[in-house]
Amino acid sequence: MLTLADSRLPVGGHVHSGGVEQAIADRAVVDVDSLARFLHRRVVTTGLVAASIAAAVADGTVEVPAAQEETDARTPSAAARRASQAQGRGMLRLARRLWPDEDWSGHAPRTHLPVISGAVGRVSQLSGFHTALVLVYTTMSGSATAGQRLLALDPADVAVMIADLGVECERVAAAAAVELADLSDPTLDVFAERHERRDMPLFMS
């Protein structure tokens with residue numbers, strides 16, 4: 001579980017800001033406080049949805065093909081779907097290296113990050129809750145460090161912010177482990193679409 005939550009895991013997450021780059025460009029995020037509000041909003045909306053899919057796959061209540069369709073249906077932004085699949089490719093590549101004897105054919109030719117994360121959680125014998133917790137935490141912390149770099153924030157301030165959001169991550173993960181969530185955040189969808197049209201962005205999403 002600690003390995004999967006490590007920011008150094010080679011799945012490409014460090015090149016995705018989760019909408020923070022566009023939020024900063026649009027002046028919706030300008031400092032530590034506004035970054036914290038953005039992260040909280042992301043965790044309780046798109047983070048909850050992604051975590052619920054990962055938890056369902058990890059617990060075996062939703063099979064991989066259906067989970068792919070559920071993720072598509074819950075991701076209105078085409079740009080956000082492409083970002084999820086890009087990160088899914090990275091996780092799948094790692095999974096194939098770590099568990100070469102497992103059948104990963106359900107994740108080809110493309111897979112969403114929550115779906116492959118759930119499959120990895122299942123192979124790792126993590127519960128749906130702990131799989132969801134890893135996904136929620138990495139969703140939040142990855143965007144937090146992107147904001148830190150883009151705004152040149154004090155790393156200590158960002159570390160405190162991440163720690164403060166820990167309780168909310170656990171609450172969201174617990175809710176995600178109960179049933180599939182089906183909400184969205186139009187503002188985050190707009191950020192995703194606007195970011196994909198940026199000239200020379202620093203992050204892929």
Pick from the range 29-48, criterion of a type in the set (Gly, Ala, Ser) and in contact (Cβ under 8 Å) with a residue 12 or more places away in the chain, ranking: nearest to Cys169 (Cα to Cα): Gly47
Restricting attention to the range 130-139, the residues that are in contact with a helix residue (DSSP H, G or I) (Cβ under 6 Å, 6 or more places away or on another chain) and at pLDDT 95 or above number exactly 6
Residue identified as in contact (Cβ under 8 Å) with a residue 24 or more places away in the chain, farther than 24 Å from Arg8 by Cα and not hydrophobic (A, V, I, L, M, F, W, C) among Ser105, Ser77, Ser84: Ser77
Qualifying positions in the range 149-158 - in contact (Cβ under 8 Å) with a residue 60 or more places away in the chain and either under 16 Å from His14 (Cα atoms) or part of a helix (DSSP H, G or I) (or both): Leu150, Leu151, Asp157, Val158
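In contact with a Gly (Cβ under 7 Å, 6 or more places away or on another chain), modelled with pLDDT of 95 or more, assigned to a helix (DSSP H, G or I) and open to solvent by less than 30 Å² (accessible area, probe 1.4 Å): which single residue out of Ser143, Ser117 fits that description?
Exactly one of Ser143, Ser117 is in contact with a Gly (Cβ under 7 Å, 6 or more places away or on another chain), modelled with pLDDT of 95 or more, assigned to a helix (DSSP H, G or I) and open to solvent by less than 30 Å² (accessible area, probe 1.4 Å), namely Ser143.
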Per the list (1) more than 15 Å from the chain's Cα centre (by Cα); (2) open to solvent by less than 40 Å² (accessible area, probe 1.4 Å), residue check on Pro155 breaks on (2)
For the range 37-62, which residues satisfy the criterion of being closer than 20 Å to Asp154 by Cα and open to solvent by less than 30 Å² (accessible area, probe 1.4 Å)? Phe38, Leu39
Here are some conditions: (1) in a helix (DSSP H, G or I); (2) touching a residue at least 24 places away in the same chain (Cβ under 8 Å); (3) over 28 Å from Val178 (Cα atoms). Pro10 meets all but one. Which one does it not meet? (1)
Quick one: Thr111 ticks every box in (1) under 24 Å from His14 (Cβ atoms); (2) surrounded by 17 or more Cβ atoms within 10 Å (Cβ to Cβ); (3) touching an Asp or Glu at 6+ places or on another chain (Cβ under 9 Å) bar one, so which box is it? (3)
Inspect the range 7-25 for any residue being touching a His at 6+ places or on another chain (Cβ under 6 Å) and among the polar types (S, T, N, Q) and give the result as yes or no. yes
Could you check the range 24-41 and list, in sequence order, the residues that are over 22 Å from His112 (Cα atoms), in a helix (DSSP H, G or I) and of a type in the set (A, V, I, L, M, F, W, C)? Ile24, Ala25, Val32, Leu35, Ala36, Phe38
Just name the residue that is farthest from Ile53 (Cα to Cα) out of those in the range 159-185 that are open to solvent by 30 Å² or more (accessible area, probe 1.4 Å), small (Gly, Ala, Ser) and assigned to a loop (DSSP other than H, G, I, E, B). Ser184
What's the number of the only condition in (1) assigned to a helix (DSSP H, G or I); (2) open to solvent by 30 Å² or more (accessible area, probe 1.4 Å); (3) more than 18 Å from Thr131 (Cβ to Cβ); (4) of a type outside the set (Phe, Trp, Tyr) that Glu21 fails to meet? (2)
Of everything in the range 186-205, what is outside any loop (DSSP other than H, G, I, E, B) and surrounded by 14 or more Cβ atoms within 10 Å (Cβ to Cβ)? Give them in sequence order. Thr187, Leu188, Asp189, Val190, Phe191, Ala192, Glu193, Arg194, His195, Glu196
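The values are calculated or read from the model by the stated rules, or taken from the named source; none is laboratory data. The structure displayed is predicted, hence computed values, not measured ones. Virtual Cβ from ideal backbone geometry, glycine too; neighbours counted across all protein chains shown. Just the protein is used for accessible areas: all its heavy atoms, side chains included, with ligands, DNA and RNA removed. Shrake-Rupley method; radii C 1.70, N 1.55, O 1.52, S 1.80 Å.
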